[in-house]
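The values are calculated or read from the model by the stated rules, or taken from the named source; none is laboratory data. Note that the structure is predicted; figures quoted are calculated from it, not measured. No Cβ is skipped: glycine too gets one built from the backbone with ideal geometry, and neighbour counts run over all protein chains shown. Protein only, heavy atoms only, side chains kept; ligands, DNA and RNA dropped before computing areas. Shrake-Rupley method; radii C 1.70, N 1.55, O 1.52, S 1.80 Å.
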Amino acid sequence: LFAFMYSDRPNAPAAQFSGKVSETEKAGRLQQVLGLQDTLTLRKHQSLVDTTQMVLVEGQGRQRDTADMTDMSSDARSDIQWHGRTSTHKIVHFPDPETAGGSLMGRLVAVQIEKAFAHSLWGRSVFQEERRCNTR
């Protein structure tokens, strides 16, 4: 959602209207809309938990905020992290320790979604799990 507070445009007929909404009220209304959108997006993202999504890898990700990762294993927090997008443009972050020195950039990777956030998803690459199973 791209939403902004209304502001008058010079020479627009509405700029001359009386009874304008205050800046405080505009800011409050905008926060309500953005908060509702975050709630709806989080609900939609939560419906993807425990599904496998194909992710086009865009590059290495930044370390996620520790507040978002409190219930994740220390391995997930320390592995090399990648980010990409699903076919519906949802942002997905996932660790992959096997790619040190290699790159997943531009590859399609199957990612099992484990956690949902308002603006992104967190998961683990399925081929990473397969590699771990095959080495035991």
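For the stretch 67-83, the criterion of being β-branched (Val, Ile, Thr), in contact with a Ser or Thr (Cβ under 7 Å, 6 or more places away or on another chain) and modelled with pLDDT under 90 is met by at least one residue. His119 meets all of the listed conditions (1) at pLDDT 65 or above; (2) out of contact with any helix residue (DSSP H, G or I) (no Cβ under 8 Å at 6 or more places or on another chain); (3) assigned to a loop (DSSP other than H, G, I, E, B); (4) not aliphatic (A, V, I, L, M) but one, namely (2). Would you check if Thr41 is in contact (Cβ under 8 Å) with a residue 40 or more places away in the chain and either part of a helix (DSSP H, G or I) or surrounded by fewer than 10 Cβ atoms within 10 Å (Cβ to Cβ) (or both)? Yes; evaluated as a whole, the condition is true for this residue.
Restricting attention to the stretch 1-38, the residues that are among the β-branched types (Val, Ile, Thr) and open to solvent by less than 80 Å² (accessible area, probe 1.4 Å) add up to 2.
Looking only at the stretch 89-107, residues that are modelled with pLDDT of 95 or more and surrounded by fewer than 18 Cβ atoms within 10 Å (Cβ to Cβ) come to 2 in all.
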